[in-house]
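Let me begin by presenting the structure, written as structure tokens, before commenting on it.
The values are calculated or read from the model by the stated rules, or taken from the named source; none is laboratory data. Keep in mind it's a predicted model, so treat the numbers as computed, not measured. Counting neighbours? That spans all protein chains shown, and the Cβs are built from the backbone with ideal geometry, glycine included. Just so you know, the surface numbers come from the protein's heavy atoms only, side chains and all, with ligands and any DNA or RNA stripped out. Shrake-Rupley method; radii C 1.70, N 1.55, O 1.52, S 1.80 Å.
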Amino acid sequence: MDMNNLNEKQKEAVLAKGIVRVIAGAGSGKTRVLTHRIAYLISHCSVNPRNILAVTFTRKAAGEMKERARKLVGKKAEQLNCGTFHSICFRILRETSSLRARGSYEPEANGNRFSILDDQKRRTYLKKVLGPEGINLDLKPGRVGSIISLAKNRLMDAEVFSSNADTPFMQKVADAFTLYEQWKERDRLIDYDDLLLRCWKLLKTDPKVRKRYQQRFVHILVDEFQDTNLAQFEIIRLLTAPQNNLFVVGDDWQSVYGWRGAVPENIIEFHKVYPTASTIKLEQNYRSTKTIVERSNKLISFNKVRTDKVLWTQNSKGHAVKILRADHPEHEASLIIKEIKALTNGKGLSYKDIAVLYRINAQSRALEDECIRQKIPYMIVGSLGFYDRREIKDMIAYLRLLHDLDDDEALLRIINVPPRYLGKAFVKELETQAARHKQSLFVSLGGYFSRPYMNKQAARFQELILELRHYYQRKCNSLSDLLKRIREKTGYDTYICQDEEIKPDDSRVQNLNELEAALSRFERIEDFLFYVDQLRASQRDIKKDHNQVSLMTLHKSKGLEFKAVFLAGCAQGLLPHHKALPARPAGLPAVASQAGGDDGGIEEERRLCYVGMTRAMDRLCISYPRTYQGKPAGISQFIREAFPEVKAGTRDD
């Protein structure tokens, strides 16, 4: 195996013995170190690949790691135990036949089977638990599911959680948690979080099983160790002894998953658990220019809880970081697209070399609109386009029906949204009546249906639409007010949030608020609908190939790199977002996050900004709007920290 392509610190990490912590800065070649470590163990230390366990967080990353190892050692890499935490735990549980449930998997020696609830089935299951046939509590299934997941990742089962529930709300969640577990046991089901919790319990309580896997996994390597939660940390801890051949790689400066239980202290305070561990720091950045590295270092230096390292690079100084101030998001989008056009029209960059990053998905709306107007090919990474999101489609359907009562397509989309007990049977009768009398579906709502509740609910829906139409024609001041009215009268926000689990970068309500902001620019429904239709038509005309600008949230950008990066919406209250701030700035909308108002929330937001900045190889442009959704939005504290010379009025630095 050739190690000439490794620098001295990388070689030191590959050759290290025992328990090793590798602090790998952004762009420092950590994946190369991991794969060379695997190859070194196999080719130089004669370790059987079956005795190596390599763990990462996604199937894609696991596949790439195995493929890179194969290129170094050949077919031997096929025998590696390489996978995600969940897949490894699943294998351990299946092999030991510790679960008693039925499913589509092959039966074990004792005849036991089990099936796993995927995310969608889990939400449906929680709905039943919280509904009339279950505990009958007015709780949101998505919210409850997120809390249960977080509890299990902290090694809390229903019993432990119940004993620690210290508020009326948490006591309700505890009751739901308990019934959820009872029903799963009855139906022989488990969820993905059970894989970690049950595997930990099995390894902790069964010495024979623990010894079996300790002897099998003689060498353990863990990627992205800063993103491990308590359950994952403890599983690795149980498997590591007594051989103590543990190799962990990570960067606490890039830990951005606290909302789902990640504990950056797992790598920061590694020596408290493993006092004999050696630490190797990979501080040479191969990705970014000196300017980008220095500014990123400046930003992260404001975090109090972090490992001590200094990222450096031999790359050129490069271009100055550009700071753009805009009046509002639409103006900001136009400035960004203007810069992108300049980069692609004479500075040697292709669209695929460029990414625009932002804090929350709702921010993509203005950027998408401007890309379409300027005929810039783009793709949304890890999400749907703004106008393709379910909640946006629903609201546009309401607007279409209010504009044209004969719009049957719009009516069919929303007649049972939110649920009004007007399902498939009713729609079939409605369509039959409309065809018989040669009239629109809306007019046919006034007909006679086979069941009394259908007549009652159909009349209510018809009255609702007529009332909203009257409000639009006679009373409302703007289309934004009309959308507010629709949301209030239909109870749509409550409905759409029922299934929504906690995510740091996506909120359906936030998307609806963004639609309200977009509507403020139009006086009539037909003007907005014409605008949306024109956008869609223009989007179809844009050539779609691999040469596209990438639009994504900061969370989705982790692990990626681009020649030019635009960091949009760097306004206080967006990045960092409000829930990480001690007090919410007046007027700014709420953003979904677990972060509280303590230093931990701000520090994770700062790490998120750091991740965004270090995605850039050659050019970095940071922008912020002075207003967001019609309310004042000042310059982010992160801009002031990384660029102390920048004044609030600066447009271009």
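Solvent-accessible surface of the stretch 384-509, averaged per residue with a 1.4 angstrom probe and all protein chains in place: 50 square angstrom. The residue list Cys609, His470, Gln171 was ranked by how far each Cα lies along the charge dipole of the chain toward its positive end, using unit charges on Cβ atoms, and Cys609 comes out on top. Take the convex hull of the alpha carbons in the stretch 254-335; its mean projected area over all directions comes to 8.4 nm².
Ordering 8-14, 382-388, 224-230 by mean Cβ neighbour count within 10 Å, with the highest value first, yields 224-230, 8-14, 382-388. Calculated mean residue ellipticity, 222 nm, the chain: -14500 deg cm²/dmol, from DSSP H runs (n ≥ 4) at -39500 (n - 2.57) each, averaged per residue and rounded to 500. Which whole number of Å³ per residue matches the convex hull of the alpha-carbon atoms in the stretch 1-52? In the stretch 1-52, the Cα hull volume divided by residue count equals 79 Å³.
For the stretch 111-249, the Kirkwood estimate of the hydrodynamic radius, built from every pair of different alpha carbons, is 16.5 Å. Here the accessible area of the stretch 161-319 is 51 percent carbon and sulfur, with a 1.4 angstrom probe and all protein chains present.
Quote to one decimal, in nm, the extra length available between Arg210 and Ala342 on full extension: 0.36 nm per residue of separation minus the C-alpha distance between them.
On the way: separation 132, 0.36 × 132 = 47.52 nm, distance 5.98 nm.
Residue separation times 0.36 nm, minus the Cα-Cα distance, leaves 41.5 nm.
Given just the C-alpha atoms of the stretch 305-404, how large is their convex hull per residue in cubic angstrom?
Values: hull volume 19.0 nm³, N = 100.
Expressed per residue, the convex hull around the Cα atoms of the stretch 305-404 is 190 Å³.
For the chain, the relative contact order works out to 17 percent when only alpha carbon pairs closer than 8 Å and six or more residues apart are counted.
Can you tell me how the stretch 523-576 classifies by the Cα gyration tensor, rounded, prolate or oblate, using a/c under 1.5 as the rounded cut? Here the stretch 523-576 falls in the oblate category.
Using per-residue counts of other Cβ atoms within 10 Å, averaged over each peptide, order 45-58, 126-139 from highest down.
Numbers: 45-58: 18.3, 126-139: 15.6.
Going from most to least packed, we get 45-58, 126-139.
Can you give the convex hull volume per residue for the Cα atoms of the chain, as a whole number of Å³? List each step's numbers first, then the result.
Numbers: hull volume 123.3 nm³, N = 653.
Expressed per residue, the convex hull around the Cα atoms of the chain is 189 Å³.
Taken as Cα centroids, the stretch 428-494 and the stretch 164-236 sit 48 Å apart, rounded to the nearest whole angstrom.
The shape of the stretch 407-468 comes out rounded: with a ≥ b ≥ c from the C-alpha gyration tensor, a/c is under 1.5.
For the peptides 472-485, 629-642, the ranking by packing is 629-642, 472-485, with the highest mean count of neighbouring Cβ atoms within 10 Å listed first.
Shape verdict for the stretch 343-460, please, from the Cα gyration tensor: rounded (a/c under 1.5), prolate (a/b greater than b/c) or oblate. Mind showing how you got there, number by number?
On the way: a/c = 4.29, a/b = 3.04, b/c = 1.41.
Cα axes put the stretch 343-460 in the prolate bin.
Summed over the residues of the stretch 202-313 and divided among them, the accessible surface reaches 40 Å² per residue at a probe radius of 1.4 Å. Unpaired Cys in the chain, meaning no second Cys C-beta under 4.7 Å: Cys45, Cys82, Cys371, Cys476, Cys497, Cys570, Cys609, Cys621.
With a 1.4 Å probe and every protein chain kept in, tell me what percent of the accessible surface of the stretch 403-494 is carbon plus sulfur. Before the final figure, lay out each step's value.
Working: 2560 of 5330 Å².
The computed percentage sits at 48.
3J(HN,Hα) along the stretch 528-536: 5, 4, 4, 4, 5, 4, 5, 4, 5 Hz, from the Karplus curve 6.51 cos²θ - 1.76 cosθ + 1.60 with θ = phi - 60°, whole Hz, x for Gly and Pro.
Rounded to the nearest 10 degrees, the angle from helix 59-73 to the longest Cα principal axis of the chain is 30 degrees. If you take the Cα centroid of the stretch 250-271 and the Cα centroid of the stretch 404-418, the two points sit 47 Å apart.
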